[in-house]
Structures are given as structure tokens and as C-alpha cells.
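Working notes for the structure below.
The values are calculated or read from the model by the stated rules, or taken from the named source; none is laboratory data. Small disclaimer: the values here were computed from a predicted structure and weren't measured. Don't worry about glycine lacking a Cβ; one is built from the backbone with ideal geometry, like all the others, and counts go over all protein chains shown.
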Amino acid sequence: MTTTSPAAAGAPAPQRLMSLDALRGFDMFWILGADSLVYALNRMSQTGPTKFLAYQLEHAEWQGFRFYDLIFPLFVFMVGASIVFSLTKTIAGSSRREAVKRVVIRGALLFLIGIFYSGGFTNPWPDMRLMGVLNRIALAYLGAGLLFIYFKPRALVGICAGLLVGYWALMTFVPIRDIQLEKNNLATLAEQAGDSQLAKQFREAGNVSAINPSAIKDSPVWAASERMYLATTNRTTGKFDMGYNVACHLDFNYLPGKKWDLFWDPEGILSTLPAIATCLMGVFTGLLLMKQKIDDRRKVTLLIGLGVAAVVLGWVWGLQFPVIKKIWTSSYVLVAGGYSAILMGVFYLVVDVWKMRAWCQPFVWIGMNSITIYLTKNFLGGSFNRLSARLVGGDISSWLNAHVAKGCGDLAVAIVGLLLAFWFVRFLYKRQIFLRL
């Protein structure tokens, strides 16, 4: 096994890519409120294009893929690309040991911020979520960062493939108890056992956060689900349905604290492995973009071509191992990673090759302070629209809905919310204020 990373080869310190910041900002743009803008337009006029866009800005309930299912893995992918530039610079200017220290500290800080983002110690245990979006990013960054430091590109390709194939093998061949950990199915089982009250509790679980059974100490609903689970002696393999697969059952048994989907978590334990593979796909992209011997247009061709190949391979694999975001299937990694590579190729061509940059400046402002803006959105209650509603909500919104067009008030709130977000990140950018973990 080699322990020489590509970053240790004495390469010149890389320059920051504006296209990478712009794409990161474009990704965050949809989280900050662009989706609300599309929903408002669809309410105003339900045309074919607005219906299509609104549909694409909703997550697939389970199996399948929409544009909104790309937002999260695209960010993880760009974390991987950034690893190449930041750690190469660290190793060239300091040492591999310093790079390891940086990765571990940053990963730990981001993980703690993720717990804080999900509520921290607001509520008593077990009403605390340990695995969320920022936590997954932290673990993917930690895993991919350490691998990048110690392994050459060819070994990284093998590791990435091993993660995807290994995850598929675990999900396909490891036996699980023949029970679906989903509230409606558990309610049906309770009804069949003659316990209508328990069936009602299962169906109501999760309707409000206060009755998420995983978040309540000594929850009778959780205890009942454990009894049902342990009473199931039949085993099965190759299941990928909601609450009915190896990843979900592992979370049910071993993930402490509050589970987002009641009995398991979409950012759970086992699916962290393919998320690291997503980050490694970003590392491969960063390595390609940093190679000075490859012509820029050739880089674009490779990114788009390899991206298309990954998408096709992912959908083909999806015939056996479905494309599912909530358990981050290997096929989903390839589909999302392929689309991410295509987008990176397009942004690199336009922004860094053609030098057409004026249009993307607002995205750059967001991209260079992505964690800051994400946390700010959380502090504002989940959306800048809560702040904009204080300016154009209430009677103003109602008047616009009544006298201009249905949904116009919502559109105004969404537009003002985005403008406030852009103003905030521009303010930070102009004053060179950046959150550096």
C-alpha cells in the first residue's frame, strides 16, 4: 500500500477557482429561497413549465430522482473538489501532519455545528438529532480528506469503487428481520394484533415533533415497535423499501437520539459510506481541474463525458439497486455525482475558461460563505422569507393577492427574501468576512 498522496508531490499551490465558488453558491441559492420563488410562480399561473419546475423542486418520496435530490450530494461533491485545493496548499506549505490535524479539527467542528443546527441542547435527551445534513458533510469531509492525504489517485479510485460495491453487497446480501419499520405498516400490524389504540398512536407519530417516538424518553410507541421487531423471526434479504432495508434497521438498533424519519434517519450510520464516495468523486474532479498539463477545454470535455457515463451507469445499476436518496444507494451516488460533474464542467467552461463572470457574482458571494448563510437561515427560523414577511407580508401580501394576481403576495415575499439573502452575503464579501472552520 502506498502512502504518498497526490498532494505530496510538490505541486505548485493551486489558485482558487471562481467556478467552484459560483457552483456552490448556485447550489445554496435553491436552499435559500429560490424554491419558494418557483412555488409562488406556480400558484400564480400553473403552466406546463411552472408545474414541471415545482415538481422538480420537491424530493422524490423514496425511489427516483428530481433536481432537488441533487442539491445535497452536489454540495458534498464540491466539498471533495475543495479538499484537493485546500489540502494540497496545506501540505505544500506545511506538512502532511498539519493537513491531518486540519481535517480532523474541521470535521469535528462541523459535526458539532451540525448538532447545534439541529437544536443542540434545547430539548432533553433523547430529543437530540446526532446525524443531520451538516453532520453528514462533516463525516464525508473527514473520510475523504484523510484518504486524499494518504493515498494516490489510482488507489482512491479503487477505494471509491470498493465503497460503492461494498455498500451494495451489504444492502443486498445481509439478512434483516422481515418487518417494515414504517408507521403505517406498524399501525397495520397493531390492528391485526387487536390493539387499535396503539395503531392510532403509530399513525399519529411524527405529525408533530413532540410525538416522534424516537425523541421521547421511555416512549411506549417506541417500546411497542421494538417488541414487534424482536418478535419477527423470519429473515429476508435484498430489500430496499422505506424502513425495510439494512440501513434503516441498523439505525433503528444502533443510532441513538432522535431519528428524522421516526425509526431511522436519512443521514444514518451505514449510508455515510457511500456519502464518502460522493465526496471522493468531487476529489477526482478537483484533481482533474488542478492538472496544468491538461488543456482547459479538454478538462471540460472529460468532466461532461465522464459525468454522462456515471449517470447512465447509475440508472442501469438502479434497475437492481434503486436510485434512492434517503439511503444514499450506490446507484444514487453515480447519478448525482454524474450530474454534479456535468454542472461543474459547464460552470468551469463559462466562468474560468470563457471568463464570463459578471452574471455569477451573487452566487460567488453565497458560495464563499455557504456555511454562514446556511446557519443564518436556521437562526431566522428556516428561511429568509420569515424576515421578508415582516416587510411585505400581512396586508401587503393579501392586497397583492387580491388586486394583482393570486400568489403575487407569496411571490413578493420570496423575491424580497432572496434580495435580503443576497444583500447579507454581499455585505460579508465586501468586508472580507468569511467563516473559516
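Before we move on, is A223 out of contact with any Asp or Glu (no Cβ under 6 Å at 6 or more places or on another chain), closer than 23 Å to L334 by Cβ, modelled with pLDDT of 95 or more and of a type in the set (G, A, S)? Criteria not met by A223. Scanning the stretch 155-171 finds no residues that are in a loop (DSSP other than H, G, I, E, B), over 30 Å from K377 (Cα atoms) and of a type outside the set (G, A, S).
Screening the stretch 33-60 for residues that are small (G, A, S) and not in a loop (DSSP other than H, G, I, E, B) and picking the one that is nearest to L411 (Cα to Cα) gives A40. Scan the stretch 227-257 for residues that are under 27 Å from K217 (Cβ atoms), out of contact with any Lys or Arg (no Cβ under 7 Å at 6 or more places or on another chain) and part of a loop (DSSP other than H, G, I, E, B) and jot them down. Selection gives M242, G243, L255, P256. Counting only helices (runs of 4 or more DSSP H) that sit completely within the stretch 302-414, those holding 2 or more residues that are touching a residue at least 40 places away in the same chain (Cβ under 8 Å) and more than 23 Å from D21 (Cα to Cα) correspond to 330-347. Name every residue in the stretch 40-71 that is under 21 Å from the mean Cα position of the chain (by Cα) and among the hydroxyl-bearing types (S, T, Y), in order of residue number. Passing the criteria: Y55, Y68. Within the stretch 92-108, the set of residues being under 28 Å from the mean Cα position of the chain (by Cα) and among the hydrophobic types (A, V, I, L, M, F, W, C) comprises A99, V100, V103, V104, I105, A108.
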